[in-house]
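This report concerns only the one structure given below.
No value in this document is a laboratory result; all are computed from the given coordinates. The shown structure was predicted, so the numbers you read here are calculated from the model rather than taken from an experiment.
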């Protein structure tokens, strides 16, 4: 991989994708981009990226094509649709899906790509908007060894923790593990901070006291301060997290695995969606739990 010899394609420039693609441009790679709302690509175009009208055109102009979109149906469309990247990719090129999606779909894309002599990698990420901006993402990678090795230097530009988890679909399965851990953890963070408020504690001091001990977690350290500031803007959309938990529940059912903690978290986040919080960040779970107890979250009064 070299900026002088490798052309990069990028599909999807949302909360995380724009930053991730930006790191590749900053590293000197020529970029061809597509997103459904072209205005979301304006910053990247201003930095020199070239616009393409379809995912197929992106792949046709690229040696490696990345995508990070919203839902599995979006993944299916941008890779396997009539104007999808699989149809435009040349033999010897590589397709990389960084969306959190269905493991079975990752396998389907890999099979379709291989039929055209194209490599395919599933590489969902964790770290939210902060990790994307700071090039500090955890990247969970599935795919054949040669395809993964080919794009590894590009992953190093976007992330800090890179793990090749296995063959096609293994990255997506690993991301489900990640989401199950986060789902129940966010319940604990939200309930704990509500308890602290209702007990009349100084919330900043409470957060400082518990973050460094056995109760500490990434979610507490990164989302706790946002909650205290009343900041529920998305680092990761509630709508997307509900989608992820739904995939994990479906996969668990297929394995005849009981996951009551995940099921509870899923239902609480569905309640948050019903309350109009689908486009908030996942830390907004606190607001749904506050409603259950008929209390108002007002950390400045804590």
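Observations
- Where Rh is the Kirkwood radius over Cα pairs, Rg/Rh for the stretch 82-220: 1.14
- Helix axis angle, 260-274 relative to the chain longest principal axis, alpha carbon, degrees: 90
- Once the Kirkwood radius over Cα pairs is known for the stretch 187-246, the Stokes-Einstein relation at 37 °C and 0.692 mPa s delivers a diffusion coefficient of 263 µm²/s.
- Value of relative contact order over the chain, rounded to a whole percent, pairs C-alpha under 8 Å and six or more apart: 14
- Using equal-weight Cα scatterers in the Debye expression, the normalised intensity of the stretch 61-102 in log10 at q = 0.17, 0.29, 0.35 Å⁻¹ is -0.41, -1.04, -1.25.
- A quarter of the convex hull surface defined by the alpha-carbon atoms of the chain gives 15.9 nm² as the mean projection.
- More than 20 Å apart - percent of Cα-Cα pairs taken over the stretch 174-301: 43
- Taking the centroid of alpha carbons for each part, the stretch 155-182 and the stretch 1-56 are 22 Å apart.
- Over the stretch 1-141 - Rg/Rh using Cα atoms and the Kirkwood inverse-distance radius: 0.93
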